[in-house]
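Q: One structure, as structure tokens, below. Some questions next.
The values are calculated or read from the model by the stated rules, or taken from the named source; none is laboratory data. Because the structure is predicted, anything quoted here is derived from the model rather than measured. In this analysis, Cβ positions are derived from the backbone assuming ideal geometry, glycine residues included, and neighbour counts consider all displayed protein chains. Calculation scope for accessible area: heavy atoms of the full protein, side chains included, ligands and nucleic acids excluded. Shrake-Rupley method; radii C 1.70, N 1.55, O 1.52, S 1.80 Å.
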Amino acid sequence: MADDYLERIGKLIRDARQHRGWTQSQLADALGTSQSAVNRIERGNQNISLEMIARIGEALDSEIVSLGYAGPMHLRVVGGRRLSGAIDVKTSKNACVALLCASLLNKGRTVLRRVARIEEVYRLLEVLNSIGVRTRWINDGVDLEIVPPARLDMDAIDADAARRTRSIIMFLGPLLHRMDQFRLPYAGGCDLGTRTIEPHMIALRRFGLDITATEGIYHAKVAAGVSPGRPIVLTERGDTVTENALLAAARHDGVTVIRNASSNYMVQDLCFFLEALGVEVEGIGTTTLTVHGVPVIDVDVDYSPSEDPVEAMSLLAAAVVTESELTIRRVPIEFMEIELAVLEEMGLDHDRSAEYVADNGRTRLVDLTVRPSKLEAPIDKIHPMPFPGLNIDNVPFFAAIAAVAQGQTLIHDWVYDNRAIYLTDLNRLGGRLQLLDPHRVLVEGPTRWRAAEMMCPPALRPAVVVLLAMMAAEGTSVLRNVYVINRGYEELAERLNSVGAQIEIFRDI
């Protein structure tokens, strides 16, 4: 019990520190102690007095311990409210985590603008800090500065943080250029069934990387002088496997051709960032990428990742299910066009502004106004495809949208083993979803939503879909343990409240 208490206190201290935008070293300096002591406190591995808790709270300007603020975060949702006004789309979660991994390629200073302040980013920052990378939030906590050490200390890696993010797999591409051998914990993240890393291994073996897995650890060895003699053909057109191949190719001394590459939004952002590092990438936006590697990258770089099309889809779905008129600003339209085409056929009433350019100078944005609409179920099934098809992560939002449309909609989520199952949690809120098999759900609409109290699904997008349905349901709902939502969305409840939602964040005593 005592150990559990210390872990809970440590997590609250870590969350307060990160909210302030401080590193462990900065907090240690304020307390007159060591970074290792702060690390032990945050991990629950050190006894801590009430006096020290008070000192930490004063340093961070945060009440660390009070009744009602320990334990997991929950949401209390008063539904049936209409949204109105305008809301901006935040920068892409998936682009930001890829760029954090890509910063390991650079010996110089990297500044990333408007980085998403989400749990997935925090976990990667904990890993980076543990191996010697200096990171700090600058410009009032909006931007992130990253400065690597001369030598990474992989023996000191924060294994707990690494296991809580699947993005750790993208350390493989940069690290194979920095050391002959290293170890990484198994990748974690959402519970979406078995997700093999074999496509990554097939691509990275071409650069001399050999992996053996034992007891929760990837043991990596790199053979010197191995070079892709012919184009690398990816066995799946996945986003992270394409990014890993790009990261490996970026510092390979030669030209690497990657075929069957993903051309999705986060891959394009990574390519733009590599170009800012001095790496020439041909074919951006296509399935064949040609990378002209630079063996040594030592530049000071400043880059602005683009906006998140999946968050844009989340906000659009929020407007649809609550029958609201809402303007969603800074929508990366190139990565929403198929979704909007499907919704137009279903009867969505919307307008879009003229296109303008994102801060990265490349991505096309629009402002999108959605109005209450009489929707009809689509004739064809809803199913994802690699870009430029309907985005894999946007499929779950069609479950909530289909639930308010007239008729039956078949959703075929063929990519993940478990995600379609989690969509049936909408039945607790009055939905009529029939699970046909682990990948197919039949949705019957329209739905009369009703309030409920339930646990958050362990997968990010289905969790947000449940939250949106609660916003549409008359009465008060409770969604418990929403850590998974915080993995991918920055202050989602507060931002939805700014346009008319009524969502309260609370914790158990």
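Q: Just to be sure I understand the curve: with the Debye formula and one point per C-alpha of the range 192-322, what is log10 I(q)/I(0) at q = 0.10, 0.15, 0.18 Å⁻¹?
A: Rounded to two decimals, the profile gives -0.39, -0.79, -1.03.
Q: Find the centroid of the Cα atoms in the range 367-409 and in the range 322-342, then give the distance between the two in whole Å.
A: 11
Q: Mind checking the dipole of the range 211-338: about its Cα centre, +1 per Lys or Arg Cβ, -1 per Asp or Glu Cβ, Debye to the nearest 20?
A: Once rounded to the nearest 20, the dipole reads 600 debye.
Q: Using the charge dipole of the chain (Lys, Arg: +1 at Cβ; Asp, Glu: -1 at Cβ; taken about the Cα centre), state which of ASN94, TYR303, VAL78 has its Cα farthest towards the positive end.
A: The Cα lying farthest towards the positive end belongs to ASN94.
Q: Continuing with this model, one more query. Send over the per residue convex hull volume for the range 335-464, Cα only, as a whole number of Å³.
A: That works out to 127 Å³ per residue.
Q: Still on this model: Are there GluC sites (Glu not before Pro) in the range 415-503 that DSSP marks as loop and that have at most 14 other Cβ atoms within 10 Å, and which are they?
A: GLU491
Q: Continuing with this model, one more query. Please express the shape of the chain as an equivalent ellipsoid: the semi-axes are the square roots of 5 times the eigenvalues of the C-alpha gyration tensor, given largest first in whole angstrom.
A: Gyration-tensor ellipsoid for the chain: 35, 31, 21 Å.
Q: Right, here's the next one. For the range 194-237, calculate the relative contact order in percent as a whole number, restricting contacts to Cα pairs under 8 Å that are 6 or more residues apart.
A: Relative contact order here is 39 percent.
Q: Check cross-link reach from LYS93 to the lysines: straight Cα distance under 27 Å, and skip same-chain residues fewer than eight apart.
A: Once the sequence-local lysines are set aside, what remains near LYS93 is LYS11, LYS107.
Q: Based on alpha-carbon centroids, what's the gap between the range 209-242 and the range 17-48 in Å, whole number please?
A: Using only Cα atoms to place each centre, the spacing works out to 36 Å.
Q: I would also like to ask the following. Can you sort SER84, SER373 by solvent-accessible area, 1.4 Å probe, largest first?
A: Ranked from most to least accessible, the order is SER84, SER373.
Q: Something else: Once you sort the root eigenvalues of the Cα gyration tensor of the range 157-260 as a ≥ b ≥ c, which label holds: rounded (a/c under 1.5), prolate (a/b larger than b/c) or oblate (the other case)?
A: Judged from the Cα gyration tensor, the range 157-260 comes out oblate (a/c at least 1.5, b/c at or above a/b).
Q: So what are the ³J(HN,Hα) numbers for the range 476-485, from phi and the Karplus equation (6.51, -1.76, 1.60; θ = phi - 60°), rounded to whole Hz, Gly and Pro as x?
A: 10, 10, 10, 10, 9, 6, 9, 3, 4, 5
Q: Rounded to the nearest Å, what's the spacing between the alpha carbon centres of the range 462-509 and the range 79-158? Just the number, please.
A: 23
Q: Any chance you could run the full-extension gain for ASP300 through ASN497? It's 0.36 nm times the residue separation minus the Cα-Cα distance, nm to one decimal.
A: 67.1 nm
Q: Once you have a ≥ b ≥ c as the square roots of the Cα gyration tensor eigenvalues for the range 95-166, tell me rounded if a/c is under 1.5, and otherwise prolate or oblate according to whether a/b is larger than b/c.
A: Cα axes put the range 95-166 in the oblate bin.
Q: Right, something else. Could you tell me whether the range 243-313 comes out rounded, prolate or oblate from its Cα gyration tensor? Rule is a ≥ b ≥ c as square roots of the eigenvalues, rounded for a/c under 1.5, then prolate if a/b exceeds b/c, otherwise oblate.
A: Oblate is the answer for the range 243-313, as a/c is 1.5 or above yet b/c matches or exceeds a/b.
Q: Step through the residues of the range 39-48 one at a time and calculate ³J(HN,Hα) from phi using the Karplus curve (6.51 cos²θ - 1.76 cosθ + 1.60, θ = phi - 60°), rounding each to whole Hz and writing x for Gly and Pro.
A: 4, 5, 4, 5, 8, x, 9, 9, 4, 9
Q: Please go through the range 440-509 and write out the trypsin sites (Lys or Arg not before Pro) that DSSP classes as loop and that have at most 16 other C-beta atoms within 10 Å.
A: Here the trypsin sites (Lys or Arg not before Pro) that fit, given the DSSP loop and packing criteria, are ARG448.
Q: Contact order normalised by length for the chain, with contacts defined as Cα pairs under 8 Å and 6 or more residues apart; what percent is it?
A: Relative contact order of the chain: 18 percent.
Q: Got a sec to turn the phi values of the range 266-274 into Karplus ³J(HN,Hα) couplings, 6.51 cos²θ - 1.76 cosθ + 1.60 with θ = phi - 60°, whole Hz, x for Gly and Pro?
A: Along the range 266-274, the couplings run 6, 5, 4, 4, 4, 4, 4, 5, 4 Hz.
Q: Rolling a 1.4 angstrom probe over the protein heavy atoms, how many square angstrom per residue are accessible across the chain?
A: 40
Q: Working out 0.36 nm times the residue gap between GLU280 and LEU435, then minus their Cα-Cα distance, what length gain in nm do you get to one decimal?
A: Gain on extension, GLU280 to LEU435, equals 51.1 nm.
Q: Percent of accessible area on the chain owned by carbon and sulfur, 1.4 Å probe?
A: Within the chain, the accessible surface is 47 percent carbon and sulfur.
Q: Given Cβ point charges of +1 (Lys, Arg) and -1 (Asp, Glu) and nothing else, what value in debye, to the nearest 20, does the dipole of the chain about its Cα centre take?
A: My answer is approximately 580 debye.
Q: Okay, next question. With label points built 7 Å along Cα→Cβ from the Cα atoms of TYR356 and GLU474, find their separation and express it in nm.
A: 4.1
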